[in-house]
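These notes concern the structure reproduced below.
The values are calculated or read from the model by the stated rules, or taken from the named source; none is laboratory data. From a predicted model like this one, the values you see are computed outputs, not experimental measurements. Methodologically, a virtual Cβ is constructed for each residue, glycine included, from the backbone with ideal geometry; neighbour enumeration extends over all protein chains shown.
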4 protein chains.
Amino acid sequence: MPQQILQSKIDLSVRFHECDPLQIVWHGNYFKYFEEGREDFSRKHRFSYLDVKEKGYATPIVKTECEHFLPLKYGDVFTVETTFVPSRAAKIIFEYRIIKSNELICTGKTIQVFTQNGKLVLVNPPFFQDWKKKMDLI
Amino acid sequence: MPQQILQSKIDLSVRFHECDPLQIVWHGNYFKYFEEGREDFSRKHRFSYLDVKEKGYATPIVKTECEHFLPLKYGDVFTVETTFVPSRAAKIIFEYRIIKSNELICTGKTIQVFTQNGKLVLVNPPFFQDWKKKMDLI
Amino acid sequence: MPQQILQSKIDLSVRFHECDPLQIVWHGNYFKYFEEGREDFSRKHRFSYLDVKEKGYATPIVKTECEHFLPLKYGDVFTVETTFVPSRAAKIIFEYRIIKSNELICTGKTIQVFTQNGKLVLVNPPFFQDWKKKMDLI
Amino acid sequence: MPQQILQSKIDLSVRFHECDPLQIVWHGNYFKYFEEGREDFSRKHRFSYLDVKEKGYATPIVKTECEHFLPLKYGDVFTVETTFVPSRAAKIIFEYRIIKSNELICTGKTIQVFTQNGKLVLVNPPFFQDWKKKMDLI
């Protein structure tokens, strides 16, 4: 049975203070856009970080990647496309694509793990399994 | 009896990502430098925020100001001069001067109050009075 | 004849990376919101910074202020209200109010001047006078 | 003939505004530390970005990576170890390790390319070859 592809798209614009002296978005700021993509995904697909927190979990980021193809400049309007990457491991994996007027600006990836009281959780927490079932991912 | 002037000075340098497309430090980033000045002051005059926290207090900032005379650019080395402003009110007031090669770059001010469990504390907490006595400020 | 009050309002939400260990928006980040307010004002009232730049001017910020009444937290949705403050001086003055559910979060102010080739311009540039006339401000 | 390993080490400390509501350094801020490592490397091994600029080149970042093992917290003092990764391609590759009290906090990597007038340069610029020769890298 084919898996569901879970994705969200949000339009953002470049803010002045995100640009550097080269007149382009400073490379580390793309992780802010990915965060906005991730939050947008969570809202649209009802995956709430506050729920996670209530259940005593934290989901720290353990890996980030970004590959740049074209720069964004001040005033540019762009789309962050956030895709959930299914995995059996106790990890939350997202891939990102930033697109401006049909041009690929960059791609990225983040991996989050689950911790409880500061300790790594090696099995998928029940609420995460439930969410994946509800979303037809497993 | 003349009051003691409590001050600290720290040398910092401008980082690339703090500069904007005008090739100068983005105005909001000066509050990062003031924060580094405040922390430097606290270290040198043994006014510890961790102590504050242990005693159940928080010291949120309620007012910030910055007046700019000359811009800082990428690579500039400068001094943040942080001065404690004595006050009878239950407030922590600091004034800042940023200087580069004898030129005044900007001046600033922050006001912090004391809160306990999220509520404003209107009298000076004992540990703050003790610190002021030890520092010959009262 | 009563002057026109020029204002704009934009709704924003607090991003995770804008919050500090006290679980509230870090005080220096409010100047990012004011910048978004200023850009929103400029768009709505056709005061373009790109035009300014094309005409050889820059408009560096020479003064910033912010007074805080209540904190913003992660996920909060709020309104930035940006008001143009008329002045005869060669300055661009904005006042800001951030409001969340009818509660005043903070107020702020920024003052910008005009420079040309890095030098302060003491008279109002023609394009700024034209804009003020068009907006019924003078 | 064994190649020279070019490296630099700089001690930094975590600033309050770099921490997030989880009380740890926000993941995107590690790229600021890598940038400080890169600048430190450049100073120590006389690889100047201003020289690069003077010669009409820019060196935009095209790839970033960070893998996290332990979090940094407010007040932590740590070392950024920056290592130049030799490559025949017209690329500047750095690897980073952040270490605190003998514990590995994270590792990272950045790749920069050369552009001239906004266009990708596919051969190593003469000044880069000269620098590599001087450093015994080729």
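Just so you know, in the range A:69-84 the residues that are more than 17 Å from A:D40 (Cβ to Cβ) and surrounded by fewer than 23 Cβ atoms within 10 Å (Cβ to Cβ) include one that is farthest from the other protein chains (Cβ to nearest Cβ), and it is A:D76. In the list D:S48, D:S42, which residue meets the criterion of being without any contact (Cβ under 8 Å) to a residue 24 or more places away in the chain and in contact with a strand residue (DSSP E or B) (Cβ under 9 Å, 6 or more places away or on another chain)? It is D:S42. Within the range B:6-15, can one find any residue that is outside any strand (DSSP E or B), touching a residue at least 12 places away in the same chain (Cβ under 8 Å), more than 10 Å from chain C (Cβ to nearest Cβ) and more than 20 Å from D:K32 (Cβ to Cβ)? Yes: the range B:6-15 contains one or more residues that are outside any strand (DSSP E or B), touching a residue at least 12 places away in the same chain (Cβ under 8 Å), more than 10 Å from chain C (Cβ to nearest Cβ) and more than 20 Å from D:K32 (Cβ to Cβ).
Yes or no: A:F94 within 30 Å of D:T115 (Cβ to Cβ), touching a residue at least 60 places away in the same chain (Cβ under 8 Å) and in contact with a Phe, Trp or Tyr (Cβ under 7 Å, 6 or more places away or on another chain)? In short, yes.
From the list B:E39, B:E18, the one residue that fits, being within 13 Å of the chain's Cα centre (by Cα) and surrounded by 16 or more Cβ atoms within 10 Å (Cβ to Cβ), is B:E39. Mind listing whichever residues of the range C:54-84 are closer than 21 Å to C:P126 by Cβ and without any contact (Cβ under 8 Å) to a residue 40 or more places away in the chain? C:E54 - this is the single residue of the range C:54-84 that is closer than 21 Å to C:P126 by Cβ and without any contact (Cβ under 8 Å) to a residue 40 or more places away in the chain. Mind checking which residues of the range A:80-127 are hydroxyl-bearing (S, T, Y) and touching a helix residue (DSSP H, G or I) at 6+ places or on another chain (Cβ under 7 Å)? Within the range A:80-127, A:T82, A:Y96, A:T110 meet the criteria. Among the residues making up the range A:114-127, those that are touching a strand residue (DSSP E or B) at 6+ places or on another chain (Cβ under 7 Å) and either of a type in the set (F, W, Y) or under 15 Å from D:L22 (Cβ atoms) (or both) are A:F114, A:T115, A:Q116, A:L120.
Is it the case, given these coordinates, that B:E81 is among the acidic types (D, E), farther than 19 Å from C:E65 by Cα and within 16 Å of the chain's Cα centre (by Cα)? In short, yes.
For the criterion of being more than 12 Å from every other protein chain (Cβ to nearest Cβ) and among the hydroxyl-bearing types (S, T, Y), B:S87 passes. With the condition kept exactly as written, say whether any residue in the range D:110-133 is in contact (Cβ under 8 Å) with a residue 24 or more places away in the chain, under 17 Å from the mean Cα position of the chain (by Cα) and under 16 Å from D:E67 (Cβ atoms). Within the range D:110-133, one or more residues are in contact (Cβ under 8 Å) with a residue 24 or more places away in the chain, under 17 Å from the mean Cα position of the chain (by Cα) and under 16 Å from D:E67 (Cβ atoms).
Per-residue answers, yes or no, for (1) hydrophobic (A, V, I, L, M, F, W, C); (2) modelled with pLDDT of 95 or more:
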residue	(1), (2)
C:T59	no, no
C:K63	no, yes
C:E67	no, yes
C:T79	no, yes
C:T82	no, yes
C:P86	no, no
C:I99	yes, yes
C:N102	no, yes
C:I105	yes, yes
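Annotation for the range D:42-55: at least one member residue is within 11 Å of chain A (Cβ to nearest Cβ) and out of contact with any Cys (no Cβ under 9 Å at 6 or more places or on another chain).
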